[in-house]
Structure formats: C-alpha cells, structure tokens
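The values are calculated or read from the model by the stated rules, or taken from the named source; none is laboratory data. For clarity, every value in this text was computed on a predicted model and none was experimentally measured. Cβ sites come from the backbone with ideal geometry, for glycine too, and all protein chains shown count toward neighbours. These accessible areas exclude ligands, DNA and RNA; they are computed on the full protein's heavy atoms, side chains included. Shrake-Rupley method; radii C 1.70, N 1.55, O 1.52, S 1.80 Å.
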Amino acid sequence: MTIAHHIPEDILIAYSSGSLSEAWSLVVATHLALCPDCRATVSVIDDVGGTLLEMIEQTETDEQAFDRLMRAIDDLPMDDVQPASAKRSVPAILPEPLISYLGSDLHALKWRRLGKGVFHIPITTGDTGVKARMLKVPAGRPVPMHGHKGNELTIVLVGAFHTHQGMFERGDVEVADGSIEHMPVAAPGEDCICLAVTDAPLRFRSIAARVVQKFIGI
Amino acid sequence: MSQPRSYLRLVSAGETAKARVRGYGSIMVSNEAKRQTETRELAACLLAVGQHQDRTAFHRLFIHFAPRIKAYGARLGSTQTQAEELAQDTMVKIWRKAHLFDPAKSAPSTWVFRIARNQRIDSFRREHHPEFDPNDPCFIPDSETPADMLLEQAEAEDNLARVIKTLPEEQKNLLHMAFFQDMSHSDIAQQESLPLGTVKSRLRLALAKLRKQLDGPSGPLAEESAE
C-alpha cells in the first residue's frame, strides 16, 4: 500500500506542537499509523519541540518541589506502570487511535442512517465546535454533494473514493477548505468507509439532504 | 549515589567514538561536546529510572527538566501554580513511562517534550492528544529500522539548536507561537496581520531548513508537499 495523499506539513506542525485541536488530531494520528513518511516528518518536528524545550529560558522551581514529587510518586499504587497496549483480535481493520474512540472495530459498529444510502457514526472528542464522524458510502455512489464554509479532513479506511484530485484509498487524506466545492464518489466494488472531520456544518445541495441534516444535526 | 553503570559506559564509548569521528582535539571539545555528553547522560538516567526506578537518576532528570517544563507551562499562559503543577504531573508521567523510553528512537528532550505537551493539552485544555500505537496490528511499520544512533542523535540535536538560532526572525517567531502559545495557524495569521497562506508557507520553509540539517538535502520527503 502506498499513500498518495498526505497530510500537509503545516497541519503536522500544528499536531506536533499541540496547537491542533483533538478532532483534527484524530485524523492526523490515524493517518500516521498508516504512513511511515508522515511519521518521519512528525518525528523531526517533535525534535524541534524537544530542542525548543532545551533552549527555553528556565523558570526557578522551589526547593521542596522534588520532595513533594517523590511523595506523590511513593503514593502511586505499587504496580502503577503504564501498561503496554493490549493485544487485539485479528483481522483488525481500523487503526489506533481511531478504534479506541469508536470502542470497537468495524464488525461491531452501529451505523446510523444518513439518507441516500449513506450511514454515519458521530464520534465524541473533547473538541467542541469541530465534528468528527465515520461515514459509510455505498460503492459507486456519490457522497451527497456539498460545499464547505469551513475546513474538512477526510481519511479513507476501507474502499476508495475519487474527486477531481484523484483517487483516495486506505490511508489517503483529502483536505478541503471553504474554497472547494467537491463531489467525492465512492469507487465501485466495496462500500467506502472514512473518518471525516469538519469545523462547519456541511451545506448539502439537495433539499432532501438538508432536511435530513436538520434532524440529525450534522 | 547509585549512578547506573551503563551510564558510564555509554558516555565513555560515546566520547571515544566522537573523538574518532570528528578528530577533535581536546581544545575544540567545547560547548557542543558538553551538550552531547549531557544528552547521553539524560538518556542513561531515563534508562536507569525505567529499569530499576533509580532515584538518583530521577533527581538528575528533575534538575534538568522541571524548570524547563515549568517555563513551558508559563509561556503557554498558565499561572505560576498551574505551571508548577504541569512540571510535577509531567515528572510523574516520566517516572511511570521511563521503561518505554528507547534511546535509539528519540532524544531525551524530544521524549520529554511529547509527555509535557500531552500533559498540558490534558490539564490546560481538557482534551487528549490522539496518538498512533506501534503495537497495533494495523500499524504500518517503517521500511527501514533506524540503527542505534544515540551519538548521531546528540549531534543532530545540537545541529538543530544551531539551525533554529539562524532561522530568519519571522520563521523563528512563528515556530515559537506554534509551540509555546497554543495558537492555531489562523490565530497566528490574525495576530500578525498576515495572510494564512503566508503563515503556512513560512512554517513549511522553516521545517524544510531544519529537516535538511537532519536528513541531508536528499531526505525522503525533501521535495514533497511543496504545496
């Protein structure tokens, strides 16, 4: 698998520095699990963070701080070490950290009808104002046409879709901002499953889709 | 005083290798060498804490990192108390996670930066920083495993510090805003009265320069994502 559509570097910088909010970061981290190239970039940016931390003008800490710290550590439960991650049953389809947010892998997800054969699952994050959701679009069908007031990041996890920018397959990320009116179409053969994050309500073109939107609040 | 034995071995092996590689005379071994020795020493301390909860090594880590983490918290706009708490909470995490530190994968400062960053997102913003898990069955591993490069890492870090200092002021500022002020790129654009595209491209330029130092000019992603 080769990833063709990567995350722009300015978004990687925002992720690594910690200024990117949680829902966007979920797309980035899910992409990183599948993309060694972007991981290498993030590792360089993390090094920049480490170096800036080394170079920072230091603040005095008080004399008792270390004693207080060691008392806090002595109060930790005996076996309180960070556990290695738990083994998962195979076949695994959705990568971490996405799967932890959803609570289960693909087979056990409870999809909700969105209309026109499209299903979705809203994802709760600590992020207010930015919405994350899983989307399932039937093979060969268009995602209801929409433009954007804000930004959108979409990562493909199963199947594929294409836009005027080309084909998006597992791990590929589509970046859209307010300037793009795009119409992704799911590739034939298998339903396309993505994680989509947006900071503005989608403006569906068709009245039917808009009515649905009003009721389900996306 | 229970300085771990591996620490001494690591430092002296590193010094010998460095002298061999660089052909440095003792006069030239200055700040740079001191920094590299320090990096190896901090790595050894993290290993000692991870392997046998070595409190002396942990004290050394505290002396080095706690004032920096506190300053990091203060830069991010927290109160003195919050900044102090951030340093304490981060140090507790370092204690708990030290066994996961791998000197072949990251420099001590990078590793500590990640923990401090995640802790401040947790404490100051009540959010999480989602991260991939290398043990996840879906995880696509790197095509080449990096060699044990503690020495290279110490040098690379030193280079990085030097290159950051030589970046144009405008790029350096943006990096500081991104890392230390929790500002989104559009917040930065607004505050600096710059078009968003300019903020993004300056950050990318800064990154390209920094990466060139680490990768060499023909790094795997050198030409990619120009836009």
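Here are the numbers:
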read-out	value
Selection status of B:F113, open to solvent by less than 20 Å² (accessible area, probe 1.4 Å), over 20 Å from A:M70 (Cβ atoms), among the aromatic types (F, W, Y) and free of Cβ contacts under 8 Å to residues at least 24 places away in the same chain	yes
Within the stretch B:30-58, considering residues that are in a helix (DSSP H, G or I) and among the hydroxyl-bearing types (S, T, Y), the one least open to solvent (accessible area, probe 1.4 Å)	B:T39
Residue that is farthest from the chain's Cα centre (by Cα), among those in the stretch A:1-17 that are without any contact (Cβ under 8 Å) to a residue 12 or more places away in the chain and at the interface with chain B (Cβ under 7 Å from one of its Cβ atoms)	A:D10
Failed condition for B:P137, given (1) touching a helix residue (DSSP H, G or I) at 6+ places or on another chain (Cβ under 9 Å); (2) within 10 Å of chain A (Cβ to nearest Cβ); (3) modelled with pLDDT of 90 or more	(1)
Search result, residues across the stretch B:164-193 that are surrounded by fewer than 16 Cβ atoms within 10 Å (Cβ to Cβ) and more than 21 Å from B:G77 (Cα to Cα)	B:K165, B:T166, B:P168, B:E169, B:E170, B:S193
Selection count where residues are at pLDDT below 90 and surrounded by 10 or more Cβ atoms within 10 Å (Cβ to Cβ), scope the stretch A:66-80	2
Tally of residues being assigned to a loop (DSSP other than H, G, I, E, B) and touching a residue at least 12 places away in the same chain (Cβ under 8 Å) across the stretch A:171-198	13
Yes/no for A:A33 being within 7 Å of chain B (Cβ to nearest Cβ), touching a residue at least 40 places away in the same chain (Cβ under 8 Å) and in a helix (DSSP H, G or I)	yes
Filter result for B:D148 (within 8 Å of chain A (Cβ to nearest Cβ), modelled with pLDDT under 90 and within 24 Å of B:P108 (Cβ to Cβ))	no
A:N151, sole failed condition from (1) surrounded by fewer than 21 Cβ atoms within 10 Å (Cβ to Cβ); (2) farther than 26 Å from B:E127 by Cβ	(2)
Filter result for A:K149 (in a loop (DSSP other than H, G, I, E, B) and modelled with pLDDT under 90)	yes
Unmet criterion (only one of (1) modelled with pLDDT under 95; (2) part of a helix (DSSP H, G or I); (3) within 7 Å of chain A (Cβ to nearest Cβ); (4) over 23 Å from B:A33 (Cβ atoms)) for B:I164	(4)
Single residue of the stretch B:193-211 satisfying the filter (in contact (Cβ under 8 Å) with a residue 24 or more places away in the chain and under 16 Å from B:A161 (Cα atoms)) that is nearest to the other protein chains (Cβ to nearest Cβ)	B:L210
Residues of the stretch A:107-147 classified as open to solvent by 30 Å² or more (accessible area, probe 1.4 Å) and more than 17 Å from A:F161 (Cβ to Cβ), total	12
Residues (at pLDDT 90 or above and not in a strand (DSSP E or B)) located in the stretch A:152-168	A:G159, A:A160
A:A23 vs. criteria within 29 Å of A:T128 (Cα to Cα), modelled with pLDDT of 95 or more and within 7 Å of another protein chain (Cβ to nearest Cβ)	no
Unique match (being facing chain A (nearest Cβ under 8 Å) and at pLDDT 95 or above) among B:I94, B:I69	B:I69
Filter result (modelled with pLDDT under 90 and under 27 Å from A:P36 (Cα atoms)) within the stretch A:107-125	A:H107
